[in-house]
Ligand code: SF4
Ligand code: SF4
């Protein structure tokens, strides 16, 4: 494993670190095994969030068994006001079984109004600045998907890290990452494998960690095998064939594809939206037709059960036309 300074925070993080979204899908026991495999592979930085259902709790369960020593812990909250942020921070500390958190971030600031609220008087940032003085957190970070919205936060000089989507096919945050770097902020790449769509993981991670603009990439991992694969990226040399495969994959994906972030959930009709798109992708892109049809058939609620309420689209940070995409999924997997 290779380690790097996360901006000027003093955190010496593994360049490939742990994204906490996918452990929502595994048992508590499996989460402990995955985190232990991370430790053995040299990963020392965990990123999770209040919004990732039981992810913080599972990580806390791991710390209760194996201790927190040697780990840097990052989490985040969607609260926008002072009291909401303090409440969330206390819950994070409780669920993570920690008496301090290394990096606490404002989660997915996505509108100019939100940014104004968090930076303003009585805003969430005031709470984090106080929490830092009290020793409850060590550093304050900002996360989001839209560079133009995040820009005032970066310019404010009040954040120590920036976390944005960045990978071999999504480079729209590059100018903001450069600015963050110039200000001494640490940079964290979320969705380094585009939510699992970039299946040539070695080439995709290699691209990011050699990009010069990212300190730490946080691929989500939901099995020990995935942890081992990701940790081994730094050992071998990425081949030209792998790079070509990655380019081919990117060319075929376009921009309208699901990154499995799960921000659109829950759906009032009970649709597991990212799972639908995952199975459709396996059917159309990866030629695993039978596998995809079998798993799709086992879902209790199908794409055609969508009531068209539109709630999911208002939550999707990638502004995907989910309802239209679900029609396509139904046409492909329910014929
Ligand atoms: S539009 Fe369909 S998929 Fe989206 S939240 Fe409503 S019912 Fe669920
Ligand atoms: S549809 Fe959008 S919000 Fe839902 S998982 Fe996919 S990318 Fe995330």
request  = Figure the gain on full extension for residue 130 and residue 301 (residue separation times 0.36 nm, minus the Cα-Cα span) and round it to one decimal in nm.
outcome  = 57.0 nm
task = Please work out the Cα center distance from segment 171-247 to segment 267-335, rounded to the nearest Å.
result = 27 Å
task = Measure nothing but the geometry: give the 0 to 90° angle between the long axis through the Cα atoms of 322-333 and the longest principal axis through the Cα atoms of the chain, rounded to 10°.
result = 40 degrees
Segment 122-195: relative contact order in percent, alpha carbon pairs under 8 Å with at least 6 residues between = 26 percent
ask   = How far is it, in nm, from the label point at residue 255 to the one at residue 65 when both lie 7 Å from their Cα along the line to the Cβ?
value = 4.4 nm
Nitroxide proxy distance, nm - points 7 Å out along Cα→Cβ at residue 319 and residue 335 = 3.1 nm
inquiry  = Can you tell me, using C-alpha contacts under 8 Å and at least 6 residues apart, the relative contact order of the chain as a whole percent?
reply    = 15 percent
note = Residues 69, 280, 113 in order from fewest to most other beta-carbon atoms within 10 Å are 69, 113, 280
query = Kirkwood Rh over Cα pairs of segment 187-335 into Stokes-Einstein at 20 °C, 1.002 mPa s: D in µm²/s?
reply = 128 µm²/s
ask   = Normalised by the residues of segment 62-159, what does the relative contact order come to in percent, with Cα pairs under 8 Å and at least six apart?
value = 30 percent
remark   = Here Rg/Rh (Cα, Kirkwood) for segment 273-333 equals 0.97
key: Whole-angstrom gap from segment 46-109 to segment 18-41, using each part's C-alpha centre   = 15 Å
message = Using a 7 Å offset from the Cα along the Cα-to-Cβ direction at both residue 3 and residue 178, what is the distance between the two label points in nm, to one decimal?
response = 3.1 nm
ask   = What does the helix-only formula give at 222 nm for the chain: each DSSP H stretch with n ≥ 4 adding -39500 (n - 2.57), the total divided by the residues, and the result rounded to the nearest 500 deg cm²/dmol?
value = -13000 deg cm²/dmol
message = Tell me the angle of helix 147-156 to the major Cα principal axis of the chain, expressed in degrees between 0 and 90 and rounded to the nearest ten.
response = 10 degrees
ask   = So how tilted is helix 273-284 from the main axis of the chain? Cα-based, degrees 0 to 90, rounded to 10.
value = 50 degrees
note = Applying the gyration tensor rule to the Cα atoms of segment 3-239 (axes a ≥ b ≥ c; rounded if a/c under 1.5, else prolate if a/b exceeds b/c, else oblate), the class is oblate
Residues of segment 274-297 with amide N under 20 Å of the 7 Å Cα→Cβ point at residue 328 = 274-290, 292-293, 296-297
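Every number here is computed from the coordinates shown, using simple stated rules; none is lab data. Quantities reported herein were computed from a predicted structural model and do not represent experimental measurements. Quick reminder, even Gly has a Cβ in these numbers, built from the backbone with ideal geometry, and neighbours come from all protein chains shown.
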